[in-house]
Amino acid sequence: MYEKIINNIKLNLGENKDLNRKYLASQIENYKDHPYNLEITKEISRMMWDCLSDEEKREFIEISENETPVIDILEEIYPMIEMGKYDNALDKLNGFMKTFQPMFEDDAVNEYHFFTNQLEEEIFNKYIGAKKEMRYIPNNHPLLDLYYVYGFLLLEKHELKEAEFYLKKALKINPVSSRILLELSDIYKTKAPNFNKFYMYTIQALEYAYYPQDLARCYRNLGQFYMEEMNFEMAAALYNYSMKYELNPIVYSKLQYIKSKGTNIELELEECLNTLKDKKIQIDVNPFILKTLEELSDKYDEKQALHQALYFYELQYDLNHEQDILEKINNIKRVMNH
């Protein structure tokens, strides 16, 4: 029904842009009580954009770029978060969210996403995929950061229900964000009844992770899970393996606790790997991610798109530390500095 309505509207458009705009405005009014009102209005708005002159489009873009309340509030609270003033940042965001009007919400026809980079979009297409028409949230409306930061601050205050709500809104925008999945996992650390969700979100984050810190956190989370399950051998292997990606003082204290339970914590790498394989836990970065990083790096390098190539080579190097990747990084930097 929706497609038929939109097609009929398009059939009535002519060459005169002014008449088209008046006609489209009348159609918004005509379908204001329709069950698909929101979706129809959005599509008509896109058609009206095509009726604007180049000058009108430029004016609209300039106005839109200046109207960035989300960017303004984030720039205000980021310094507070960096200084550890979480209460102050949360107070500011609480006030902002009371008057904030939701935007770019999914509807019956469209779903809205934002990805930090092309790698994340490739991961999304591979493992999830759009179920509706995919729309991209503009850079000047960083809703993903807004919902993530708000969820993080609420979690720090142990306001778990509200934190879960906003982190899930962020996850809807970017379903393959390991950082969001790992924050959500922290909500379910309590043993019952949600402890399995802690494991589930961690496993999902591990599948999508491409930063060493995120991989390390995933293995630490799994170590915590198996320690709570009294499987100290498995926990020791996971905590030890996490240090391949990040040295963290928490790991040392956890391993000492495991040692106090009579479990050997002095494990060789091969012993850790065999233990993880026995439980079918993913070892290192997802091969699809590494392969995609290689393809993106090479593609941009061939096109002489140096900034993009450098970005993906550095992500790649952080994961595998291969000498030839380091040489490519250094070569690009030399070219850029000349």
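The values are calculated or read from the model by the stated rules, or taken from the named source; none is laboratory data. Since this is a predicted model, take the numbers as computed values, not measurements. Note: ideal-geometry Cβ built from the backbone for every residue, glycine included; neighbour counts use all protein chains shown. The protein model used for the area step is the full one, side chains on, heavy atoms only, and it has no ligands, DNA or RNA in it. Shrake-Rupley method; radii C 1.70, N 1.55, O 1.52, S 1.80 Å.
Remarks
- Packing around the peptides 199-205, 226-232, 82-88, taken as the average count of other Cβ atoms within 10 Å per residue, puts them in this order, highest first: 199-205, 226-232, 82-88.
- Evaluated over the stretch 287-337, the Cα radius of gyration and Dmax, each in Å: 10.0, 33
- In plain terms, the C-alpha convex hull of the chain casts an average shadow of 23.1 nm² when viewed from every direction.
- Rounded to the nearest 10 degrees, the angle from helix 69-82 to the longest Cα principal axis of the chain is 20 degrees.
- The charge dipole of the chain, taken about the Cα centre with unit charges on the Cβ atoms of Lys, Arg (+1) and Asp, Glu (-1), comes to about 880 debye, rounded to the nearest 20.
- The C-alpha atoms of the chain define a longest principal axis, and helix 195-208 lies at about 70 degrees to it.
- Of all accessible heavy-atom area on the stretch 177-279, the percent that carbon and sulfur account for (1.4 Å): 51
- Farthest toward the positive end of the dipole of the stretch 287-337, out of LEU319, ASN337, LEU293, is the Cα of ASN337, where the dipole comes from beta carbon charges about the Cα centre.
- Å² of accessible area per residue within the chain, as computed with a 1.4 Å probe and no ligands counted: 56
- Pairs from LYS4/LYS169; LYS92/LYS189; LYS10/LYS42; LYS32/LYS168; LYS126/LYS172 whose Cα-Cα separation, in the structure shown, is over 22 Å: LYS4/LYS169; LYS92/LYS189; LYS32/LYS168
- Estimated Rh, the stretch 194-338: Kirkwood, alpha-carbon pairs, angstrom: 16.7
- For the chain, averaging the sequence separation of C-alpha pairs within contact (under 8 Å, six or more residues apart) and dividing by the residue count gives a relative contact order of 9 percent.
- Surface share of carbon and sulfur [accessible, 1.4 angstrom probe, percent] for the stretch 68-176: 50
- Order by protection proxy (mean Cβ within 10 Å, highest first), peptides 215-225, 266-276: 215-225, 266-276
- Helices in the chain, meaning DSSP H runs of at least 4 residues, each add -39500 (n - 2.57). Divided by all residues, the mean residue ellipticity at 222 nm is -22500 deg cm²/dmol.
- Taking the square roots of five times each eigenvalue of the Cα gyration tensor of the stretch 177-279, the equivalent ellipsoid has semi-axes of 21, 16, 12 Å, listed largest first.
- Length-normalised contact order for the stretch 287-337 - Cα pairs under 8 Å, 6+ apart - percent: 31
- Cα pair distances exceeding 25 angstrom across the stretch 95-201, given as percent: 24
- Neighbour cut-off at most 11 other Cβ (10 Å), DSSP loop, chymotrypsin sites (Phe, Trp or Tyr not before Pro), the stretch 250-291: none
- C-alpha long axis of helix 269-278 to longest principal axis of the chain, angle in °: 60
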